[in-house]
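Chemist: First the structure, which I've put down as structure tokens, then a few questions once you've had a look.
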Amino acid sequence: MRVLLLEDEPDLGGAIARTLEREKYVVDWVTDGTEAWCYLENQWMEYALAIFDWLVPRVSGLELCQRLRLQGNSLPILMLTAKDRMEDKVMGLDAGADDYLVKPFGMAELLARLRALQRRSPQFQPQQLTVGNLTLDYGSYSVSCQTESGEEQAIALTNKEFQLLEYLMKHPHQILTSEQIRYQLWEVGSDTISNVVAAQMRLLRRKLAELGSECPIETVHGIGYRLKLP
């Protein structure tokens with residue numbers, strides 16, 4: 001799950017990013033509103049949540065909320081700010097923020113508010129995602145497969161294997177380029193090797209083979225990959 005974090009305070013931004021990454025989120029951390037807007041406009045970015053600090057350079061978190069809502073974008077947004085007056089909270093919520101967290105705050109509360117936003121979101125993840133004969137379990141970070149004999153086998157996945165298969169399962173029969181996949185699974189600007197997607201795909205295919213079923217991931221040579229399921 002990908003999160004856009006807009007926070008210009010280095011210590012706080014780093015602490016939030018590390019906390020979210022421990023919780024299996026992919027985090028894009030930016031420090032000014034113009035950069036955040038560029039990320040939001042990137043057609044390959046699929047954010048599940050956004051965390052905006054109100055007072056940041058160039059374009060404020062408040063203005064970003066307004067821009068997104070004027071476009072009809074329903075991305076769940078948590079606003080962070082030191083402004084604790086009732087008038088400020090009303091202004092932030094009226095601008096389009098879904099929730100409002102006053103600094104200083106604890107990371108446990110931040111995570112709880114994000115979980116609440118996810119539950120209220122139309123994009124809320126169920127406990128399981130089933131496509132064809134594959135089922136992803138968000139609680140155990142595993143995938144199970146219904147075999148031709150009717151038996152169901154399951155195998156645990158690493159964080160990246162899970163994210164990769166989830167992305168493919170959310171776009172079945174669609175060709176996804178290596179660049180699209182890299183953008184979705186790794187933070188922008190992260191130091192990844194050029195063949196990281198191919199390497200991760202090999203690991204995932206090996207896991208799926210252990211389930212005893214034919215691998216449904218097809219390589220479209222020169223373009224990318226496609227999940228083909230019955």
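Chemist: Counting C-alpha atoms alone, how compact is the chain: give Rg to one decimal and Dmax as a whole number, in angstrom.
Modeler: 19.2, 63
Chemist: Report, by chain and number, residues whose modeled amide H sits under 5 Å from the one on residue 131, excluding near sequence neighbours (fewer than 5 apart, same chain).
Modeler: Result for residue 131 returns 136.
Chemist: Which order do the peptides 31-39, 163-171 take when ranked by the mean count of other beta-carbon atoms within 10 Å per residue, highest first? Each step should come with its number before you reach the end.
Modeler: Numbers: 31-39: 17.1, 163-171: 19.8.
The packing order, highest mean first, is 163-171, 31-39.
Chemist: Now, a different point. Picking from 197, 128, 114, whose Cα lies most toward the positive end of the charge dipole for the chain (charges on Cβ: Lys, Arg +1; Asp, Glu -1)?
Modeler: About the Cα centre, the residue reaching furthest to the positive side is 128.
Chemist: Taking the Cβ-Cβ separation of residue 84 and residue 32 as r and a Förster radius of 25 Å, what is the calculated FRET efficiency to the nearest 0.05?
Modeler: Values: r = 23 Å, r/R0 = 0.94.
For R0 = 25 Å, the calculated efficiency reads 0.60.
Chemist: Add -39500 (n - 2.57) for each DSSP H run of 4 or more in the chain, then divide by its residues: what number comes out at 222 nm, to the nearest 500 deg cm²/dmol?
Modeler: Working: 8 runs with 91 residues, N = 230.
Calculated mean residue ellipticity at 222 nm is -12000 deg cm²/dmol.
Chemist: A follow-up question, please. Distance check, please: which entries in 83/170; 207/228; 170/207; 160/228; 89/160 exceed 28 angstrom between their Cα atoms?
Modeler: On the way: 83/170 39 Å; 207/228 17 Å; 170/207 19 Å; 160/228 20 Å; 89/160 37 Å.
Beyond 28 Å between Cα atoms: 83/170; 89/160.
Chemist: Fewest Cβ neighbours within 10 Å first, please rank 100, 138, 225 accordingly. Before the final figure, lay out each step's value.
Modeler: Details: 100 20, 138 15, 225 23.
Going from least to most buried by this count: 138, 100, 225.
Chemist: With a length cut of 24 Å (Cα positions projected on each helix's long axis) and a Kyte-Doolittle mean of at least -1.0, go through the chain and give me the DSSP H helices that pass. Before the final figure, lay out the partial values.
Modeler: Working: long enough: none.
The answer is none, since no helix passes both cut-offs.
Chemist: Separate question: Given the peptides 68-76, 88-96, arrange them by the average over their residues of other C-beta atoms within 10 Å, most packed first. List each step's numbers first, then the result.
Modeler: Working: 68-76: 14.6, 88-96: 16.7.
Result, highest mean first: 88-96, 68-76.
Values quoted throughout were computed directly from the atomic coordinates according to the rules given, and no laboratory measurement underlies them. Everything quoted here is computed from the prediction, not taken from an experiment. For neighbour counting, all protein chains shown are included, and Cβ atoms are generated from backbone atoms with ideal geometry for every residue, glycine included.
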